[in-house]
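Before any comments, here is the structure.
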Amino acid sequence: MLSIRVTSRRFQATAAAVALAFSAALAGCSAGSDSAAGTPAPSVASESTAKLDPMDYIYTQGPETAGFKLDQSSAGAGDPTSHDDAIFLDIDGCLGKNVGAPTAVATGPTLTSQDGFTSVDSNAEIVTTAQRAAHLQELKDPRLDGCIKKLMGQSSGSGASQDETIKSLTWRTAPVPAGALARVAYTGQVTASGAKTSVYLDVVFLGAGRVENEVALFSAIRPPDETLVSAVTAQLAAKLKSQ
């Protein structure tokens, strides 16, 4: 699941990997990337009983990622009550909300470009329409940026050497792709094996009916290609219409 905690850990791992890839590329050239009480959690009793599988709403390899390496090791169903499996649980807590856990969650595969500079991760949650409406308001909350930076910072050093820790995580302006609800975009600096490079994290949020999904794009040297962002978002938006 693409929780803030897991996003941070993946960002750390990807940042170290892309920095190492960047270092190798340079070498090649020279030789010849907590909860708080609030409003009551909405009840699911009045919701439709139609069974929805979150695995139907994660990102799967498409033409835009045809050349990417596919890693299925972390893909599959997760625990909807775990902060490591549900991205909004951490956001809810940071904003002082109690929106409640989703009904079901799933993580998509990790796709990484052949040069190692770009990766794509996704997740999906089955929620109530009331939860989705509450999350939409959270995405518009001016405190969201501070919350994400705080939550990323809380786990940014976990399991990583000081040399690989992301520094100076800053907001950058990026367009919200068609079909999405919101997008957060950050730039950071990472050093690995003596090579320093810029790394980028973009998370695109989508939702419709009883499903929410998100996709995170990690990249090094330059922001993720907007054609890739739009194509990945379009696949998820189309899947949301299949409910």
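The values are calculated or read from the model by the stated rules, or taken from the named source; none is laboratory data. Model, not experiment: these values are computed from the prediction. Virtual Cβ from ideal backbone geometry, glycine too; neighbours counted across all protein chains shown. For accessibility, only protein heavy atoms count, side chains too; no ligands or nucleic acids. Shrake-Rupley method; radii C 1.70, N 1.55, O 1.52, S 1.80 Å.
Structure notes:
- Radius ratio Rg over Rh of segment 54-242, counting only Cα atoms, Kirkwood formula for Rh: 0.94
- Violating pairs (Cα-Cα greater than 30 angstrom) within the set 149/196; 140/239; 140/241: none
- Amide hydrogen neighbours beyond the local backbone of residue 211, cut-off 5 Å, H modeled: 127
- Residue ranges 207-218, 58-69, 104-115 sort as 207-218, 104-115, 58-69 when ordered by packing (mean number of other C-beta atoms within 10 Å per residue, highest first).
- The protection proxy used here, the mean number of other Cβ atoms lying within 10 Å of each residue, ranks peptides 179-191, 82-94, 220-232, 120-132 as follows, highest first: 120-132, 82-94, 179-191, 220-232.
- The share of accessible area on segment 54-242 that comes from carbon and sulfur is 53 percent, using a 1.4 angstrom probe.
- Charge context of residue 99, other residues only, Cβ under 13 angstrom, K/R +1, D/E -1: -4
- Backbone HN-Hα couplings from phi across segment 220-233 [Karplus 6.51/-1.76/1.60, Hz, Gly and Pro as x]: 10, 6, 9, x, x, 4, 5, 5, 5, 4, 5, 5, 5, 4
- The smallest convex shape that holds all Cα atoms of segment 56-137, its convex hull, gives 117 Å³ per residue.
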